[in-house]
Amino acid sequence: MIFFLLAHAFSLLLDLIWLGRQSAHDKDLEILLLRQQLRILQWKQQHPPRLSRWEKLTFVVLAHKLTDMTCSACTRLGQVVFLFNPETILKWHRELVRRKWTFPPGTSRGRPPISAEIEALILRLAKENPMWGYGKLEGELRKLGYTIGRTTVKDVLKRHKVPPAPERAQGGSSWRTFLAHYQDQIIACDFFTVETAWLRTLYVLFFIELGNQRVHLAGCTASPTAAWVTQQARHFS
């Protein structure tokens, strides 16, 4: 498999070097000869050849350099590709993106579950200290030697139907009422991803105003960091 990939990459590199040394006239003649050969193969061969995953990737990348990988590219690809349908090339790209995001069987996802002892400790601290919020509980657990995230503390209390600190302390209004009252002043943010033809993942940051559901695109990057997100939030605010 490795030998095949090296040979495939080496042959592609030789083709690029050869093309760089040819004149425009020689390239035009070679394109005509290749087109004629492809037409003969198309007439003679009943079924299109079966390509490996890496050959499909090379084909998709070269096609992307010619045109955008969208449905509107079918007409352009149909003028230069004879052995395969343009829809087939677009299908290969979707398949490569799907394989990139497919986890192998048996792969554990998410954070490992906490032990019953730690879960009981979280419930005890929450019930004995009704004024402690999620962040306070996280800090106290860290002092005791347990590195538990704030979200984990929240999930444990929610699973056992233990209300947040304000409701535990004085039986006040719920979070739903709080959010409904201040929804015009609250802005949420999240990411969604976009896949390029080179199977590179771009992360797009967006903000949404909860009051009017208006969405604002803040920017995109291939390597989101805390500093980058902070800068985008500063620009947005």
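Here, each number is a calculation from the coordinates, and none is a lab measurement. Keep in mind it's a predicted model, so treat the numbers as computed, not measured. Using ideal geometry, Cβ is built from the backbone for each residue, glycine included, and neighbour counts are taken over all protein chains shown.
Once you keep just the Cα pairs under 8 angstrom separated by 6 or more residues, what percentage relative contact order results for segment 174-233? Mind showing how you got there, number by number?
Details: 83 pairs, mean separation 16.0, N = 60.
It rounds to 27 percent for segment 174-233.
Express in nm, to one decimal, how much length is gained between residue 191 and residue 142 on full extension, taking 0.36 nm for each residue of separation and deducting their alpha carbon distance. Can you show the working numbers first?
Details: separation 49, 0.36 × 49 = 17.64 nm, distance 2.93 nm.
Between residue 191 and residue 142, full extension yields an extra 14.7 nm.
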Need one number: nm distance between label points at residue 227 and residue 115, each 7 Å from Cα along Cα→Cβ, rounded to one decimal. 3.9
Given bins 10 angstrom wide, list per bin the percent of all Cα-Cα distances in segment 194-237, short to long. 26, 45, 25, 4
Let's test the formula: R0 of 25 Å, r as the Cβ-Cβ distance of residue 99 and residue 220. What FRET efficiency results, to the nearest 0.05? 0.65
